[in-house]
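The values are calculated or read from the model by the stated rules, or taken from the named source; none is laboratory data. Here the structure is a predicted model, which is why all the values come from computation and not from measurement. Using ideal geometry, Cβ is built from the backbone for each residue, glycine included, and neighbour counts are taken over all protein chains shown.
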Amino acid sequence: MLRRLFIVFFLLILIFLANAFANPIPQRKFDPDFKPTYGVSYSFEQASWYGLNPRDSYTKLLDEFKFKWVRLPFFWNLMIDSQGNLKIDDLKFAIEEANKRNVKVIIALGAKTPYYPEYHWPENIASQVKFAERITLDHPVAEEILAIDKKVVSELSAYDNIAYWQVENEPLVGNVNKWKIDPSLVAAEVEIVRKTDSQKRPIVLNHAATGFYDKSWKELLPILKPGDVFAVNAFFKTKGTDLISAKIFGREIHILWPDHLVWPVHSWWIFSPNYQTIKETVEANGNKLWILEMQSEPYIKKIEQADDPFLTFTPQDIITGNNFLKSYQIESIGLWGAHFWQYQQKKGNSAWVDTAKSVVNN
């Protein structure tokens, strides 16, 4: 009897796992008349990595898509010189070009901003942070983080089409070095940004929207004021940088993630992120829930992977993912993957650009 029960239980687990991997983006009912606003993230450095002309590709993206906002990251290590002066001509160009097209801008600043390796900070800052360290308000680098936040906001606050300041990107989620930013430091950064910006524009804080077990994002809500935005990211087929990352006997151990292995996030029933609960909690706090990054590309770590004939994410997945999020009537959705679409278009494959347009422009 016990053996039969064990076999049945084992089969049920197999069915559950098979369904999760076979249907990584669940089908949910949605109102076809509901229309979110759409935005996009853009990095000149990422565009260059794909072999694109960053400025031309950026303006082409704004011309061809009806995006309401574009998110532009500040990369500390690339946008400041040895004397501490800002080098943000590309950032200013991007803001000005967006303004010409009546597109609002979100500036992502702080120690951790979008795009790999996430912590885009100078080596003299990185060298002061240990593996798996949590960066608190009393950490040796905290004062320098606050200072660079103030400098960036002071320089850019004159641009009226900046609609939001995003302070840190997924601060409570560790990167490949397992670094995390404590809410105490996030709160201090937000305060600095608010005081420095004469226009007092609203703040965006975000989290990765991991599984049901992760409630850490609630630690960020008290930092927000009514009118601010709390955002989560929506990745459906994920890959880590490392399959295993640890420190053993003083040595860092990294085992790379296999190329064609992806992990479904939203097909685990009650074990997946519950956007409805997150939305209700955020709105009860007086804030709006947005999606800053909706996965719209496969995971690409090396440029040759962009030409893989067996990509783990398809153009149709963009439509399916968008419909999934529309079922929660989320007000604004940011697409993540524009550089990849344009790279594919340059190589003669317009399916990615065309599919994204069908979502955004209709």
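So the values come out like this:
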| item | result |
| --- | --- |
| Subset tally (residues that are in contact (Cβ under 8 Å) with a residue 60 or more places away in the chain, more than 20 Å from residue 122 (Cα to Cα) and surrounded by fewer than 21 Cβ atoms within 10 Å (Cβ to Cβ)) for the range 70-94 | 1 |
| Helices (runs of 4 or more DSSP H) lying entirely in the range 2-74 (those with 2 or more residues that are at pLDDT 95 or above) | 44-49, 54-64 |
| Qualifying position, being under 24 Å from residue 353 (Cβ atoms) and crowded, with 21+ Cβ neighbours inside 10 Å, among 107, 25 | 25 |
| Test: residue in the range 201-213 that is in contact with a helix residue (DSSP H, G or I) (Cβ under 8 Å, 6 or more places away or on another chain), under 17 Å from residue 74 (Cα atoms) and of a type outside the set (Lys, Arg) | yes |
| Residue 229 under 21 Å from the mean Cα position of the chain (by Cα), among the β-branched types (Val, Ile, Thr) and under 22 Å from residue 161 (Cα atoms) | yes |
